[in-house]
Amino acid sequence: MHRPQLHGTVLVTGGAGFIGSHLADELLSHGYRVRAFDSLVDQVHSNGDRPEYLDRDVELVYGDIRDREAVGRALVGVDAVVHFAARVGVGQSMYEIVDYAAANTQGTAVLLEAILDHPVRKLLVASSMSVYGEGAYETVDGEGVVVERSPEQLHDGIWDVLDDRGRPLRPVATPETKQLALSSVYALTKYDQERLCLMFGRAYEIPAVALRFFNTYGTRQALSNPYTGVLAIFASRLLNGKPPLVFEDGRQLRDFVSVSDVVRACRLALERDEANGHAINIGTGRGVTVLEVAEKLARVLDVDVDAEVVGKFRAGDVRHCFADASLARELLGFTARVELEQGMAELAEWLEGQIAEDRVDGAAAELAVRGLTR
């Protein structure tokens with residue numbers, strides 16, 4: 001039997017961002033007080049001002065997660081912490097290594113040391129499906145295997161994950177027990193965040209939970225950030241009359257989960273004891289090809305532009321990964337509710353009137369010049 005946590009003040013680091021602001025709405029609607037701690041970085045908040053979508057009842061504290069004094073001030077009077085503050089994006093992490101390690105790994109360490117002086121009743125951290133590397137696979141005989149794609153096959157344009165006889169393996173839902181295979185700097189730093197928080201929670205007897213978010217999409221995603229979620233990147237291209245750029249052959253599978261489902265899972269993790277000490281997948285449990293998503297979004301936006309399948313790969317990308325969501329059902333009572341078509345329709349409604357500065361070509365050129373796309 002779970003014991004709901006008493007309503008109090010929740011500090012959300014990165015709370016002015018995409019998922020953080022939606023979580024603030026979810027928590028406010030359930031009687032919590034919310035304080036957001038955010039540095040309002042230019043890549044996400046182009047003017048550095050408080051975003052209009054952030055509820056006026058949210059107390060916004062400006063500061064850098066690596067600033068010990070600022071973090072300490074933000075923790076005063078707080079009952080629980082949700083740690084979202086992070087640099088995001090696989091591609092960019094491969095060449096801005098210092099910034100990603102500092103913001104994600106060092107920033108989490110600073111937060112945890114500050115909590116020693118300002119103890120809280122619950123700690124929740126956003127992890128990522130990227131920690132898995134490739135998702136789970138089975139052989140034609142139904143045997144589970146852990147395998148990665150070789151650089152040689154990728155250079156030859158062989159995209160599928162193969163068995164030792166060169167036959168494509170069958171992708172299956174990825175459980176939390178799958179052996180991790182960190183394939184990017186971003187993935188490594190998200191794993192750092194996850195393990196630091198869970199380790200800290202055990203050592204200091206603070207209930208801690210890590211949620212491994214799969215491909216989260218929805219309103220308020222930064223459309224001009226070329227390293228944000230794939231749906232926002234595709235929307236930015238389509239709204240500017242340009243084709244979405246789809247790497248490899250576009251048949252790679254991802255699990256697209258609505259931000260409204262993700263923040264509900266976060267609230268449940270704050271309120272339930274069963275999840276304490278666990279890392280838990282948050283996804284729909286269904287894989288959809290990236291090319292299919294691009295085509296669906298074009299139809300929803302009523303834009304007659306076909307995706308461009310570039311036939312190249314990016315360092316750090318994986319072929320297939322979608323969630324086994326059974327642990328979230330068991331420990332959180334969570335099942336995703338929003339179907340992809342419904343979520344896309346909500347996204348399209350929000351996109352009307354939005355201005356999207358398309359920076360994808362510049363980002364692609366940056367990756368190419370560094371040899372990270374081939």
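Assorted remarks:
- Test: residue in the stretch 298-313 that is of a type in the set (A, V, I, L, M), within 20 Å of the chain's Cα centre (by Cα) and either crowded, with 18+ Cβ neighbours inside 10 Å or modelled with pLDDT of 95 or more (or both): no
- Among the residues of the stretch 158-174, the ones that are in contact (Cβ under 8 Å) with a residue 24 or more places away in the chain, surrounded by fewer than 18 Cβ atoms within 10 Å (Cβ to Cβ) and outside any loop (DSSP other than H, G, I, E, B) come to 2 in all.
- Every condition in (1) open to solvent by 10 Å² or more (accessible area, probe 1.4 Å); (2) assigned to a loop (DSSP other than H, G, I, E, B) is met by Phe334 except one, and the failing one is (1).
- Listed by first and then second residue, the pairs with beta-carbon distance under 7 Å, at least 6 apart or on different chains, first residue in the stretch 264-276 and in contact (Cβ under 8 Å) with a residue 40 or more places away in the chain and part of a helix (DSSP H, G or I), second small (Gly, Ala, Ser) and open to solvent by 10 Å² or more (accessible area, probe 1.4 Å), are Leu268/Gly333.
- Failed item, numbered, when Ala203 is tested on (1) among the aliphatic types (A, V, I, L, M); (2) under 16 Å from Ser128 (Cβ atoms); (3) over 14 Å from the mean Cα position of the chain (by Cα): (2)
- Those residues of the stretch 1-35 which are of a type in the set (S, T, N, Q), in contact with a strand residue (DSSP E or B) (Cβ under 9 Å, 6 or more places away or on another chain) and at pLDDT 95 or above, in sequence order: Thr9, Thr13, Ser21
- Extreme residue, farthest from Val185 (Cα to Cα), among residues of the stretch 94-148 that are among the polar types (S, T, N, Q) and out of contact with any strand residue (DSSP E or B) (no Cβ under 9 Å at 6 or more places or on another chain): Gln106
- Of all residues in the stretch 79-111, those satisfying the criterion of being open to solvent by less than 10 Å² (accessible area, probe 1.4 Å) and under 20 Å from Gly201 (Cα atoms) are Ala80, Val81, Val82, His83, Asn104, Gly107, Thr108, Leu111.
The values are calculated or read from the model by the stated rules, or taken from the named source; none is laboratory data. Since we're looking at a predicted model, the values are computed, not measured. Cβ sites come from the backbone with ideal geometry, for glycine too, and all protein chains shown count toward neighbours. These area figures cover heavy atoms from the full protein model, side chains too; ligands, DNA and RNA do not enter into them. Shrake-Rupley method; radii C 1.70, N 1.55, O 1.52, S 1.80 Å.
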